[in-house]
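To start, the structure itself, in structure tokens.
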Amino acid sequence: MKPPPSSSILRKNRLSPFLFTLLAFIVFVTILYSEDFSCIFSQLEYSSLSAPPNSISRINKNKNLPFAIGETEDGCDVFSGRWVHDDSRPLYEEEECPYIQPQLTCQKQGRPDKDYRQWRWQPHGCSLPSFNATLMLETLRGKRMLYVGDSLNRGQYVSMVCLLHRLIPENAKSMETFGSLTVFTAKDYNATIEFYWAPFLLESNSDDAVVHRISDRVVRKGSINKHGKNWKGADIVVFNTYLWWMTGLEFKILQGSFDDEVKDVAMVSTEDAYRMGMKSMLRWVKKNMDPKKTRVFFTSMSPSHQKSIDWGGEPNMNCYNETTMIEDQSYWGSDSRKSIMEVIGQVFRRSKVPITFLNITQLSSYRKDAHTSIYKKQWSPLTVEQLANPVSYADCVHWCLPGLQDTWNELLFAKLFYP
């Protein structure tokens, strides 16, 4: 029979009271704050996607994002830079792309100058990757890319189609419109690039894709699923919404239904209304988009150039007859509300939903030369008074194609493949 172990051995194998207390405390804290820890780690993972570029955290390089094949040079903000003249542009010719609406075909509508098409965006300290149509189409094979928003997002959508369609045989592509949805199909790739008309993202009284020129605009609270049901299943989604909210300092929000006999409408500040829209969009993305398989983008406000005094021009003038860009790097037009940019920053920073922010506002603000101005198909015949005063009907909101919006898609391409 073996002798009993000595008391000294027992003391060595026994857990000391201090160590036991320490381990128990660690276990208790881990259980108590496990959810907070997971939130912190999740926030670190998504922080660089959830805030505008100036507030991006560089904790993580996002190497595992869907579709990414590389990364932007460290310290490079692709949205901060300058425009440089490039004789190799435009990336396609207007007459080569039959999908451009006549409201954007400036050359066909008589614009005499072409220089606005020959500018390339050059970020400070790095370069944008060249747009590779073959890579983009191969990436979209068997997938669905969807632009959602207003006519400015439709312009970016058409730009993307124009950048890609030349690689597809005539009998293997088509474009069809079904109410609010326009679908470009690349048959050999089993791929679609789509645009869905939803200027507020939420349900509104301006949702008709054709008849929507309503000055007294109303948005229904909590109604994003009215449109969102049509976005499910998309692999890449590009949202925008801004211009249609800009009707004044206040905005009408419907609390109930548009079918209610007596409607409960509340007046709130435009900023609060827009914040509601942003939060609804983020909730929809969180519920319906798988961050391991899909990518979501949000394009910031597209600037207009309605007041030439903003850039030192004559009073009562606008973008009409403007053929040069604004050189002042600090320029910010009065039509682009900084308070809305602040709302976007606040909402995105507080969210863990992974969305890539395409900050096109500043770089587009310089381009007073790139609007359609008077060189577009008009919705209705012009009056004698309008013809006598072109400034009165110049479109200083939308952009000629090819042109500025091709750059927006180059930035989208860069962020998709090299985040």
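The values are calculated or read from the model by the stated rules, or taken from the named source; none is laboratory data. Keep in mind that this is a model prediction, so the values were computed, not measured. Backbone-built Cβ (ideal geometry, glycine too); neighbour counts: all protein chains shown. Surface areas here come from the heavy atoms of the whole protein model, side chains and all, with no ligands, DNA or RNA. Shrake-Rupley method; radii C 1.70, N 1.55, O 1.52, S 1.80 Å.
In table form, for the structure just shown:
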read-out	value
Residues of the stretch 95-126 that turn out to be over 15 Å from Asp369 (Cβ atoms), open to solvent by less than 40 Å² (accessible area, probe 1.4 Å) and either over 24 Å from the mean Cα position of the chain (by Cα) or modelled with pLDDT under 95 (or both), as a count	1
Qualifying positions in the stretch 171-191 - among the hydrophobic types (A, V, I, L, M, F, W, C) and either more than 22 Å from Asp208 (Cβ to Cβ) or in contact (Cβ under 8 Å) with a residue 24 or more places away in the chain (or both)	Ala172, Met175, Leu181, Phe184, Ala186, Ala191
Odd one out for Trp311, checked against (1) open to solvent by less than 10 Å² (accessible area, probe 1.4 Å); (2) of a type outside the set (Lys, Arg); (3) without any contact (Cβ under 8 Å) to a residue 60 or more places away in the chain	(1)
Residues of the stretch 71-81 classified as open to solvent by 30 Å² or more (accessible area, probe 1.4 Å), of a type outside the set (D, E, K, R) and more than 19 Å from the chain's Cα centre (by Cα), total	1
Scan of the stretch 327-367 for residues that are more than 15 Å from Trp311 (Cβ to Cβ) and in a loop (DSSP other than H, G, I, E, B), ordered by number	Arg337, Arg350, Ser351, Lys352, Val353, Pro354, Ile355, Asn359, Ile360
Residue, nearest to Pro354 (Cα to Cα), within the stretch 277-287, restricted to residues that are touching a residue at least 24 places away in the same chain (Cβ under 8 Å) and open to solvent by 30 Å² or more (accessible area, probe 1.4 Å)	Lys286
Residue in the stretch 352-363 that is buried (at least 18 other Cβ atoms within 10 Å of the Cβ), out of contact with any helix residue (DSSP H, G or I) (no Cβ under 8 Å at 6 or more places or on another chain) and not acidic (Asp, Glu) present	yes
Conditions (1) closer than 25 Å to Cys97 by Cα; (2) open to solvent by 30 Å² or more (accessible area, probe 1.4 Å): number failed by Trp197	(2)
Filtered residue count, the stretch 147-170, keeping only those that are touching a residue at least 12 places away in the same chain (Cβ under 8 Å), in a helix (DSSP H, G or I) and more than 11 Å from the chain's Cα centre (by Cα)	14
Residue match in the stretch 293-305 (condition: in a helix (DSSP H, G or I) and out of contact with any Pro (no Cβ under 7 Å at 6 or more places or on another chain))	no
Residue count for the stretch 368-391, restricted to those that are part of a loop (DSSP other than H, G, I, E, B) and crowded, with 19+ Cβ neighbours inside 10 Å	6
Some residue of the stretch 393-409 being aromatic (Phe, Trp, Tyr), more than 20 Å from Pro303 (Cα to Cα), touching a residue at least 12 places away in the same chain (Cβ under 8 Å) and in a helix (DSSP H, G or I)	no
Residue within the stretch 147-169 that is farther than 20 Å from Gln405 by Cα and charged (D, E, K, R) present	no
Residues of the stretch 219-275 that turn out to be among the aliphatic types (A, V, I, L, M), open to solvent by 20 Å² or more (accessible area, probe 1.4 Å) and in contact (Cβ under 8 Å) with a residue 40 or more places away in the chain, as a count	3
Set Thr134, Thr182: member being farther than 30 Å from Val265 by Cβ and not in a helix (DSSP H, G or I)	Thr182
Strands (runs of 3 or more DSSP E) (entirely within the stretch 236-288) containing at least 2 residues that are under 15 Å from the mean Cα position of the chain (by Cα)	236-239
Which listed residue is of a type in the set (A, V, I, L, M, F, W, C) and either within 25 Å of Glu194 (Cα to Cα) or in contact with a strand residue (DSSP E or B) (Cβ under 8 Å, 6 or more places away or on another chain) (or both), from Cys126, Cys97	Cys97
Set Gly155, Gly149, Gly110: member being on the phi > 0 side of the Ramachandran plot and either of a type in the set (A, V, I, L, M) or in contact with a strand residue (DSSP E or B) (Cβ under 8 Å, 6 or more places away or on another chain) (or both)	Gly149
Filtered residues of the stretch 82-91 (kept if out of contact with any Asp or Glu (no Cβ under 9 Å at 6 or more places or on another chain) and surrounded by 16 or more Cβ atoms within 10 Å (Cβ to Cβ))	Trp83
